[in-house]
Amino acid sequence: MTNEGDGLDEPTSYGLRPPGAQAPGAAPEAMNGGGGVPHQPGPPGAQGAYEPTRAVTQHAGSGQAPGTGRLIGGRYRLNARLGHGGMGTVWRARDEVVDRDVAVKEPRVPDHLTDAERQTMYQRMLREARTAARIDHPSVVTIHDVVMENEQPWIVMELVQGRSLGAVLHEGTLDAREAARIGSAVAGALDAAHVSGVLHRDVKPDNVLLGRYDRVVLTDFGIATVEGEQRLTETGAFVGSPEYTAPERVLGQRPGPESDLWSLGVVLYAATEGVSPFRRSNTPATLQAVLSAEVQRPAQAARASGALGMLITRLLSKEPGLRPDAQEIRQVLTDVARPPQPKAAPDPGPEGGSALGRALRGYGRKVRTSRKWQFGTGGVVVAIGAALTLFFVLTAEDLPDGWKVHKEDKYVRASLAAPGDFTRSVDKREVVYRNASGSYEIKLSLSTKDNAANSLAQANNWRDNYEKKQPSYMLDEGDMVEAKSAVQEVTHQGKNAAEIVTTYREANDSGEPVGPLMRRHEFVYVNPDDMSWDLTVDMPRRGAEGSKGEDIYKNVLKSLKINKL
């Protein structure tokens, strides 16, 4: 298959097969050579098309590939073909000067190309080398050399020994922690590329290599664009892999870093769910799905980690501005990938501690380890209300320094924590905490009538309300406008709940957008008695303030205890 516009009626071959379905002829191992997906030629007459690098399978009795043993640049001895694509063939070679194995990319120039087209291809390969070489990151393939052989550029790079993510996924899905580990490395490579002014434009499983010692490498910068450099693609030509291409690129809009992050979201979805969310039977249908299809929630990712499920959902937002930035992505993926650590037991203190202290410590252990004790059926009644309030405050060891736990039974039948320097205000069935500048607001409200049947339905009602800009919903400083939301089902205190992430701007009295782009994290729970709790944390959308707001929401939600489940 080609990636140019001429191949629009072909089946898309870039999607993953269901777990366990091995691609015919797929190579068991690829080194710098792609993902074991068999090459599918383009239609007759397709010229100069970009094709991803494919792994090469050596069949028994086929002998050595033509060119094996050739010496390139007076030092690189070609030993075996590893893969091939529209821009070249990748060889395993031996650097005879320093005595090490390397990967060498040979230009692949079809005979029908004109001299101008050949030069464009050579320039593209040289730019690939320059592009990768300017990015300093351990998850970007290292370029060693560029050798001119018969007036053609041969790229010499490090040999990454292992398989592509695409080849691994043909055998089955990844668990959430492994997917997050790989995704975090790719996000780091993309962040480094974007800082250097480089857009990759073809992030997909076949271009993610899994090397030894848990190394993850993003490769194939052959169609990357570099800020300030002249474009080398024909006007109107489509390059890249359709189902991993962001909607704005499909629409011909100028892409940005968010476009690569969309592709990372598709990779994470495919890695955890076993299918590509936009894969269709042909390229036009695939591109249409990218533009308009509602993605099914990543159930496997969400089941293993609600944070990962929500992150994938947000990465696949049609609007680039709604996608999280690289810093937030890496933080979430790092947290998900981190092995679970057993909580250290609280310091019991000296043996001579008070009886009340020993009783509270014993109760605390029961509360943290026994659902019966958590919900009052453990057979023991503790009737020291003031002591229990003190206990909840003093044992919030997981909260940041300076935070305070508030018991808000009188207003919202719940308790939660907030930074100690936030001011508190209350209203009937609502409590609000704000910092001095007003850039962060925490609000917990309780509704006892006219609620949806369950938490997810209630969350979707809120989302529809935001996006339709209904005047019935007002922020403190004006209408919410230009709002886009994503909804994710989660669990809290063992019950089904939902989260909403909304990016929005506020409006003045004339309905015109004012102020900075904002983000709202929202938690919704509806109990069987038609009572609904709504926790919202509003924060700036970008920058250090946005990252701080994300941490505030996580800690507030972690501290939230609803007392009437």
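Here, each number is a calculation from the coordinates, and none is a lab measurement. The shown structure was predicted, so the numbers you read here are calculated from the model rather than taken from an experiment. Cβ: placed from backbone, ideal geometry, glycine included. Neighbour counts: every protein chain shown.
Summary of computed values
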{"item": "Residues Asp529, Asp145, Asp175, Asp111, sorted so that the one with the fewest Cβ neighbours within 10 Å comes first", "result": "Asp111, Asp529, Asp175, Asp145"}
{"item": "All Cα pairs of the stretch 396-562, percent lying beyond 25 Å", "result": "29 percent"}
{"item": "Interchain or long-range residues, amide H under 5 Å from Gly211's placed H", "result": "Val216, Val217"}
{"item": "Most positive-pole-ward Cα, Met518, Asn435, Val556, against dipole of the stretch 396-562 from beta carbon charges", "result": "Val556"}
{"item": "Net +/- balance of residues flanking Arg77 in space, Cβ distance below 12 Å, scoring K and R +1, D and E -1", "result": "+1"}
